[in-house]
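The values are calculated or read from the model by the stated rules, or taken from the named source; none is laboratory data. Nothing here was measured: the structure is a model prediction, and the numbers come from that model. Cβ coordinates were reconstructed from backbone atoms using ideal geometry, including for glycine residues, and neighbour counts include every protein chain displayed. Just the protein is used for accessible areas: all its heavy atoms, side chains included, with ligands, DNA and RNA removed. Shrake-Rupley method; radii C 1.70, N 1.55, O 1.52, S 1.80 Å.
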Amino acid sequence: MPGVRLLRAVAVATVLCSSFGGAVASAANDTRPNVVLVITDDQGYGDLGCHGNPVLKTPHLDALHAEAVRFTDFHVSPTCSPTRAALLTGRTSNRTGVWHTIDGRSLLAGEERTLDQYLADAGYATAMFGKWHLGDNYPLRPEDRGFGEVFRHGGGGIGQTSDAWNNTYFGGRFVHGGVLERHDRYCTDLWFDGAIDFVTDAAAEDRPFFVYLATNAAHGPFHAPPEAAEPYADLGTATANFLGMIANIDENVGRLRAFLDERGLAENTLFLFTTDNGTAGGNKVFDGGMRGKKGSEFEGGHRVPLFAYWPAGGVAGGRDVETLTAHIDVVPTLAELCGFELSKDHPVEGESLTPLLRGEAVDWADRIVVTDSQRIADPVKWRKSSTMSGRWRLVNGEQLFDVRKDPAQKKDVSRKHPDVVGRLRGGYEAWWASLVDGFDRVPRITVGHDAENPARLTAHDANGLSKNPWNQGAVRDGAGTPRSRPTWRLRVATAGRYRIALSRWPDELRIPMSDGLPAEPDVPGQKGYHAHDGVAVDVREARVVVDGEEQTRLVASGDPSAVFEADLAAGPLDFVAELIDAAGTVRPAYFVAFERLGPAAE
């Protein structure tokens with residue numbers, strides 16, 4: 001099978017299986033499930049044939065749906081990073097430091113305990129493929145958090161500012177084992193190739209495995225293999241490629257499931273399929289009967305599929321579960337099924353879905369679950385929120401909808417049910433009160449650590465920008481108007497002398513900051529980030545604020561970077577980096593290399 005051969009050094013170990021009588025079992029007779037968690041990007045509830053989409057063909061996901069336990073009222077956050085933070089920790093994303101997708105608010109706090117860490121400590125071989133979007137610098141990267149194998153792009157998508165320069169969906173450089181490797185396959189095919197290789201190795205060593213397979217598809221810009229997009233060509237370039245990306249995911253899900261079946265692994269593998277938020281490109285074709293799409297506080301922004309299939313565990317049969325459930329429930333569910341202890345220092349907020357998975361009679365409490373879409377520097381109470389309980393949705397603290405009678409949320413019934421409004425408002429107030437004291441705890445990128453020296457920062461993670469240049473097209477356009485001073489929240493690992501290099505273009509290019517850059521040839525689908533001309537910006541000055549001290553350097557016409565040096569103490573550091581052009585316009589430094597040189601100067 002073509003693909004990436006992922007090399008691992010793993011040891012067969014005995015593991016404590018606390019949820020199966022507390023017996024110590026060898027990997028060979030381990031009764032715990034393997035876990036494959038597939039989470040796609042920007043695919044909504046209606047972007048599946050089995051959910052009634054009249055155009056999109058998803059035969060392999062439809063087959064999984066037919067066999068699986070289906071959670072029909074499963075909710076995530078309305079955007080990418082917050083869903084991933086909650087899914088991997090079992091905790092409200094706002095509590096983990098993640099309430100946006102850029103601006104330094106997509107960084108998952110280093111002290112948070114994640115699913116891969118739990119499973120690695122329980123003896124599982126662990127791997128992630130595709131999209132992380134919770135931090136690209138130490139100690140926030142997936143390779144720092146417990147995954148034994150990592151094969152990923154940077155930022156929140158291929159071609160975003162933190163990704164390798166000029167990457168496209170049809171090949172480029174991706175991080176594997178902490179280094180960039182070049183590949184020429186379509187991205188989703190690559191991630192599934194990697195998963196198959198990883199599972200092959202883990203099975204050969206009789207280890208239980210956890211695969212976190214997080215596709216960047218179907219996130220924009222919409223680029224699909226031409227043969228996948230062609231059946232939808234009459235819908236226009238954007239929609240055809242969006243649907244084609246999902247059709248390609250479907251094909252790969254079928255390929256992975258067939259592989260598990262051929263290797264005799266499907267029976268004892270818990271296969272989970274979900275998505276990270278509502279649709280980004282399919283609602284005009286089919287909205288699943290829901291209001292809103294990605295980013296919305298209405299159902300279409302955050303109700304998504306969750307399919308679970310594990311024949312050996314009795315999780316099968318093509319059965320619907322209509323109970324309100326959420327992303328925060330995945331970690332406690334796997335704790336029960338896979339036998340690991342949950343953190344007492346960072347308690348999960350979800351509940352185990354095991355009784356629902358197995359169809360056991362259960363007195364499931366009518367709990368309150370909150371999801372919101374902040375997408376700003378500092379959270380605002382009630383902003384774009386949905387407070388949910390059973391049939392009810394309280395939107396933005398004001399509008400009440402009965403989604404059993406009104407799934408499209410067209411009729412506000414708050415005046416008819418003041419008692420329900422009062423209960424849900426009270427639930428939200430308690431939830432908010434539990435969070436608000438932690439909003440000042442902003443996760444920090446570490447500089448000066450041996451695990452990443454130099455640390456390469458990008459404007460994607462800078463706070464204080466009204467128009468963040470989060471993708472390489474925006475960098476090429478010279479975008480990034482500061483709302484306040486562009487600031488990176490850092491932590492200095494080791495006191496010493498530091499070299500800080502600011503640049504307009506990635507330092508690997510070594511081209512002058514004031515120069516333009518030609519567009520790269522485009523690829524099938526929408527215009528790619530790399531296909532923009534890089535406009536010339538007459539950079540004259542570079543400015544930093546380091547440890548409260550402002551320094552400025554003049555930039556000559558041929559300079560590829562502006563270099564500063566400073567002696568820094570260990571500890572937190574708020575760092576500002578700016579470029580100023582001949583007209584006095586201030587932009588963020590798009591790229592910064594922050595390197596520890598050695599001891600402080602005497």
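Structure data summary
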{"read-out": "Entirely in the stretch 1-65, the strands (runs of 3 or more DSSP E) that have 3 or more residues that are open to solvent by less than 10 Å² (accessible area, probe 1.4 Å) and modelled with pLDDT of 95 or more", "value": "34-40"}
{"read-out": "Qualifying residue in the stretch 229-246 (condition: touching a strand residue (DSSP E or B) at 6+ places or on another chain (Cβ under 8 Å) and either on the phi > 0 side of the Ramachandran plot or open to solvent by less than 10 Å² (accessible area, probe 1.4 Å) (or both))", "value": "yes"}
{"read-out": "Single match in V447, V369 (criterion: aliphatic (A, V, I, L, M), surrounded by 19 or more Cβ atoms within 10 Å (Cβ to Cβ), in contact (Cβ under 8 Å) with a residue 24 or more places away in the chain and closer than 27 Å to E351 by Cβ)", "value": "V369"}
{"read-out": "Matching residues in the stretch 50-94 - criterion: being within 30 Å of Y428 (Cβ to Cβ) and either free of Cβ contacts under 8 Å to residues at least 12 places away in the same chain or of a type in the set (S, T, Y) (or both)", "value": "T72, S77, T79, S81, T83, T89, T92, S93"}
{"read-out": "Selection status of P139, in contact (Cβ under 8 Å) with a residue 40 or more places away in the chain, surrounded by fewer than 24 Cβ atoms within 10 Å (Cβ to Cβ) and farther than 16 Å from V442 by Cα", "value": "no"}
{"read-out": "Of all residues in the stretch 460-473 being open to solvent by less than 10 Å² (accessible area, probe 1.4 Å) and of a type in the set (G, A, S), the one that is modelled with the lowest pLDDT", "value": "G464"}
{"read-out": "Boolean, F129 is in contact with a helix residue (DSSP H, G or I) (Cβ under 7 Å, 6 or more places away or on another chain), more than 17 Å from T446 (Cα to Cα) and at pLDDT 95 or above", "value": "yes"}
{"read-out": "Any hit, the stretch 228-235, residues being of a type in the set (F, W, Y), at pLDDT 95 or above and within 23 Å of the chain's Cα centre (by Cα)", "value": "no"}
{"read-out": "Matching strands (runs of 3 or more DSSP E) fully within the stretch 539-592 where at least 2 residues are more than 31 Å from the chain's Cα centre (by Cα) and at pLDDT 95 or above", "value": "539-546, 549-554, 562-568, 571-581"}
{"read-out": "V175, sole failed condition from (1) over 18 Å from E520 (Cα atoms); (2) crowded, with 21+ Cβ neighbours inside 10 Å; (3) modelled with pLDDT of 95 or more; (4) of a type outside the set (G, A, S)", "value": "(2)"}
{"read-out": "Residue count, the stretch 474-499 (criterion: surrounded by 19 or more Cβ atoms within 10 Å (Cβ to Cβ) and part of a loop (DSSP other than H, G, I, E, B))", "value": "4"}
{"read-out": "Qualifying positions in the stretch 524-551 - among the β-branched types (V, I, T), more than 16 Å from G478 (Cβ to Cβ) and surrounded by 19 or more Cβ atoms within 10 Å (Cβ to Cβ)", "value": "V544, V546"}
{"read-out": "Where K410 falls short, out of the listed (1) in contact with a strand residue (DSSP E or B) (Cβ under 6 Å, 6 or more places away or on another chain); (2) basic (K, R); (3) outside any strand (DSSP E or B)", "value": "(1)"}
{"read-out": "Filtered residue count, the stretch 276-307, keeping only those that are touching a Leu at 6+ places or on another chain (Cβ under 9 Å), more than 21 Å from V348 (Cα to Cα) and open to solvent by less than 10 Å² (accessible area, probe 1.4 Å)", "value": "3"}
{"read-out": "Those residues of the stretch 548-602 which are in contact with a helix residue (DSSP H, G or I) (Cβ under 6 Å, 6 or more places away or on another chain) and among the aromatic types (F, W, Y), in sequence order", "value": "Y590"}
{"read-out": "Those residues of the stretch 178-189 which are open to solvent by 40 Å² or more (accessible area, probe 1.4 Å) and either of a type in the set (D, E) or part of a loop (DSSP other than H, G, I, E, B) (or both), in sequence order", "value": "G178, E181, D184, R185"}
{"read-out": "Failed criterion for L342 (all others in (1) open to solvent by less than 20 Å² (accessible area, probe 1.4 Å); (2) of a type outside the set (G, A, S); (3) closer than 23 Å to T31 by Cα hold)", "value": "(1)"}
{"read-out": "Within the stretch 379-438, considering residues that are open to solvent by less than 60 Å² (accessible area, probe 1.4 Å), more than 16 Å from W99 (Cβ to Cβ) and among the small types (G, A, S), the one modelled with the lowest pLDDT", "value": "G390"}
